[in-house]
Amino acid sequence: MFDLPTARPPPVSPAPPLDAFDLIIFGGTGDLAQRKLLPALFHRYADGQITDAARIYGLARDSLDDGGYRERVRAALQKTMHDARAAEALDGFLALLRYRTIDLTSDAGWPELAGELGACDRVQVFYLAVGPDLFGHVGDRLQRHGLARPCTRVVVEKPIGRDAVSAAAINDALGRVFAESQIFRIDHYLGKETVQNLTALRFANALFEPLWNAGHIDHVQITVAETVGLERRASYYDRAGALRDMVQNHILQLLCLVAMEPPASLDADAIRDEKLKVLRALKPIDAHSAAQLTVRGQYRAGAVEGQAVPGYLDELGRTDSRTETFVALKAEIANWRWAGVPFYLRTGKRLAQRVSEIVISFRPVPHSIFGEQPLSPNKLVLRLQPDEGVTLWITNKVPGPGGLRLRNVPLDMSFAETFGGARHPDAYERLLMDVVRGNAMLFMRRDEVEAAWAWIDPIRAAWEASDDAPKPYTAGSWGPSAAVALIEREGRHWHEDAG
Ligand code: NAP
């Protein structure tokens, strides 16, 4: 008797419960906490990974008591809750929450907080869901009030600075108080299933790695396209722009994971060492090359998904901003594996479709035996959002008589179908639990952040020195026509699913 292969892999077993821990969210009433962090913690509680022994604190200046905070969080969670099983867990989760009024720029309330947190007998995570101008204050006060201890971990959100100098200043301020191993710099893109799966695809399958180089890969595309405009972040965004907001962190991290050499192990530093080498091997783009290798744009009024939307300047309420809401650029990695392989990167707001994907485009076959029929090169598409999954595009014979007709078809691996339609955990769920477990694999080390800025800063400087304004594009399009020209003048096209 043969064992027949099963159609589905066995069900994924639930994550084991974590030991008791404390999570203290500075900025516990803010958008990030309410929309991302607390829903993520709630789902981990509903799945049994967080137990009733955990304590979760929200901290901000607003004067609320525990009851008022719980009601606020209840309302936020009810917006994201989709199944009855989760609703049953809501009261249990809310009971873990406490609220303390603290102004991070003053010492009031800290001794009481320190007394309440007590001995260092459980992991204590301090999540800085506040603006980066407050990071230094948090570090100083944690130290002054005896809360910078071996059990302490701090989580910081982007933006870590606005250039290499300010990033180094933030890192120095944190580094004066905490060891590097206690600092978790979060980039939520790294918590996405597809991004983690990239590491599995590359290093757990013998199939791809022999092809993963300039000999077989023609080019790589990374697209992070948003349909939204400024939302509530106008003043931050206008000071940052797309290059700082998206390319310096998310997109360069994705590029590193595609391009890095196989690490010796899954150890956090083994992976981060390899990512750092990629960042350091990026060919500099400077004042001479920026005009050829980069395109920046700013959206004008248009229609996104059938809705009329105003242009960037109208949304901002100003007429003089030169902030880019779109970037496309051609990056190159100067090393043996990637010499001559362009990495086309693009990101923007108010684009035609919300999609984040990485496209690995393989070289064509060296010789076609199929006469005049055009052959499409293979592509491996890793989609991060909206529906995470991996697709391998291969050329197949069209079934039936009528000659050997060929068609490019997708070999689809939708996570939802393959893994039994389970709920898709948000990236923050994985990342928060990794902080508690002390697993830094998916977090950025100081030198990575600074190396990324060192590559970005000259591009910014070149733009600022130039008289050119960002190129206009219509909201709901795929960006300025120059972004299409950037890739098409080299005989390539943006992957059709995304544009
Ligand atoms: P937000 O909605 O403005 O919330 C800021 C929080 O900080 C509020 O709870 C605020 O409450 C508190 N706060 C401000 N000043 C304080 C002070 N002096 N002492 C104590 N608490 C203070 O901002 P956010 O959108 O949540 O963003 C927080 C951080 O995460 C920012 O660095 C942002 O760039 C980053 N981030 C956010 C997102 C997101 O999706 N929202 C995504 C990525 C990164 P009170 O005013 O009541 O004190």
Tell me, what is the per residue accessible area of the chain in Å², probe radius 1.4 Å?
45
List the cysteines of the chain that have no other Cys Cβ closer than 4.7 Å: which are they?
256
Given the alpha-carbon gyration tensor of the stretch 285-378, what are the semi-axes of its equivalent ellipsoid in whole angstrom, ordered largest first, with each equal to the square root of 5 times an eigenvalue?
35, 21, 10
Sort largest first and round to whole Å: the equivalent ellipsoid semi-axes of the stretch 218-351, each the square root of five times a Cα gyration tensor eigenvalue.
32, 16, 13
Percent breakdown of C-alpha pair distances by 10 Å bin, ordered from the shortest bin, for the chain:
3, 17, 27, 26, 17, 7, 2, 0, 0
Based on the inverse mean of 1/r over its pairs of different Cα atoms, what is the Kirkwood hydrodynamic radius of the stretch 158-261, in Å?
16.4
Subtracting the Cα-Cα distance from 0.36 nm times the residue separation, let me have the gained length for residue 277 to residue 88 in nm, one decimal.
63.3 nm
Provide Rg and Dmax in Å for the stretch 306-435, with only Cα atoms included in the calculation.
20.9, 63
The longest stretch of the chain containing none of the GluC sites (Glu not before Pro) that sit in a DSSP loop with at most 10 other Cβ atoms within 10 Å is 1-304
Label-point separation (nm) for residue 482 and residue 289, each offset 7 Å from Cα along Cα-to-Cβ?
1.8
DSSP-defined antiparallel bridges as percent of all bridges, the chain, nearest 5
55
The stretch 426-498: trypsin sites (Lys or Arg not before Pro) in DSSP loop, at most 10 other beta carbons within 10 Å
489
Just to be sure I understand the model, the point goes 7 Å from the Cα along the line to the Cβ. What's the resulting residue 490 to residue 79 distance in nm?
4.1
Heavy-atom accessible surface of the chain: percent carbon and sulfur, 1.4 Å:
55
Treating the angle as unsigned and between 0 and 90°, give the value, to the nearest 10°, between the Cα long axis of helix 268-281 and the longest Cα principal axis of the chain.
50
Mind checking which lysines have their Cα closer than 22 Å to the Cα of residue 79? Skip sequence neighbours fewer than 8 apart in that chain.
36, 192
Which residues' amide hydrogens lie under 5 Å from the amide hydrogen of residue 300, considering only partners 5 or more residues apart or on another chain, with H built in the peptide plane?
312, 473, 474, 475
Using the Kirkwood radius built from alpha carbon pairs, what does the Stokes-Einstein equation give as D for the stretch 254-294 at 37 °C and 0.692 mPa s, in µm² per second?
285
Projected-area mean, the stretch 231-280, by convex hull of Cα positions, square nanometres
4.5
Proximal lysines relative to residue 397, as straight alpha-carbon distance under 21 Å, when same-chain residues fewer than 8 apart are discounted:
379
Which of the trypsin sites (Lys or Arg not before Pro) found in the stretch 325-376 are in a DSSP loop and have at most 16 neighbouring Cβ atoms, other than their own, within 10 Å?
337, 354
Would you mind computing the Rg to Rh ratio of the stretch 75-221 from its alpha-carbon coordinates, Kirkwood style for Rh?
1.09
Rounded to the nearest 500 deg cm²/dmol, what is the calculated helix-only ellipticity per residue at 222 nm for the chain, with -39500 (n - 2.57) per DSSP H run of length n ≥ 4?
-9500 deg cm²/dmol
Enter the per residue convex hull volume of the stretch 10-125, computed from alpha-carbon coordinates, in Å³ rounded to the nearest integer.
110
Determine, for each peptide in 22-30, 57-65, the mean count of other beta carbons within 10 angstrom over its residues, then list the peptides with the highest first.
22-30, 57-65
Using the C-alpha gyration tensor of the stretch 104-152, what are the square roots of 5 times its eigenvalues, in whole angstrom, with the largest one first?
18, 13, 9
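The values are calculated or read from the model by the stated rules, or taken from the named source; none is laboratory data. A quick note: this is a predicted structure, and the numbers were derived from the prediction, not measured. Reconstructed Cβ throughout: ideal geometry from the backbone, glycine too, with neighbour counts over all protein chains shown. Each accessible area value is taken on the protein alone, full model and side chains, heavy atoms only, with ligands, DNA and RNA left out. Shrake-Rupley method; radii C 1.70, N 1.55, O 1.52, S 1.80 Å.
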